[in-house]
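The values are calculated or read from the model by the stated rules, or taken from the named source; none is laboratory data. Here the structure is a predicted model, which is why all the values come from computation and not from measurement. A quick note on method: Cβ atoms are made from the backbone with ideal geometry, for glycine too, and the neighbour counts reach across all protein chains shown. Ligands, DNA and RNA are excluded from the accessible area calculation, which covers all protein heavy atoms including side chains. Shrake-Rupley method; radii C 1.70, N 1.55, O 1.52, S 1.80 Å.
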Amino acid sequence: MLNYSKNKDLIIIDNKAEKVAQTKIDNNSYNFLIFNINFATRLNKNFCFSSLLSQLTFKNGELTIDQFYENYTRWIINKREIINNRLNNLKNEVDQLHDFIEKSFKRINSAANLSPSNSNQNSSGASTEKINYEKFKVGAKVYHEEFFYGEIIDIINNEELSKMKVKIKFEIGNNLKQFSVINLVKSSRFKFI
């Protein structure tokens, strides 16, 4: 009688067991074309309710089990809550992705605004350094992202720029470190204060 019922439900009667079962298909669509996702995936499309044969009755001119439609309505509401939760989870993931992309663009833009490196390449491809030697002097105060505040206590001068070194004593734990001047110039972690 499925196709003849007004509500397109199916009633199965078992006379021997004196039981009755009623099934109704949820014909609502839960597809969202924006994401091409079916949010009702793995959710049952059929609602089935069983009871004693004595609970079979007529309501609004339809043969039905007493309390069937009340239970069906609760099932639909519960199903919609599950789907809404899935939608909210997707929205949260999209929001997190949006925040991540926005922060990435901010980092890219801030990096684009940094002043050019002190290191230049000439036409032959060799690296030439433009270093302000005046800043590298004993007593100069510095800041390093890893070691924090310190003071230059010694400079090892050398005619070869690549061999010029500075010794810095950092405040935390009287930590003494030696650095190549070229490495400090290229480092974004090191600043004169």
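Are any of the residues in the stretch 50-59 at pLDDT 90 or above and touching a helix residue (DSSP H, G or I) at 6+ places or on another chain (Cβ under 7 Å)?
Within the stretch 50-59, not a single residue is at pLDDT 90 or above and touching a helix residue (DSSP H, G or I) at 6+ places or on another chain (Cβ under 7 Å).
Between residues in the stretch 33-61 that are under 25 Å from ASN15 (Cβ atoms) and residues that are modelled with pLDDT of 70 or more and assigned to a loop (DSSP other than H, G, I, E, B), which pairs lie under 6 Å by C-beta distance while being six or more apart or on different chains?
Every condition considered, the pairs that remain are LEU53/GLU18; GLN55/ASP66; THR57/ASP66.
Can you name the residue in the stretch 11-45 that is open to solvent by 70 Å² or more (accessible area, probe 1.4 Å) and over 30 Å from GLU93 (Cβ atoms) and, of all such residues, is modelled with the highest pLDDT?
LYS19
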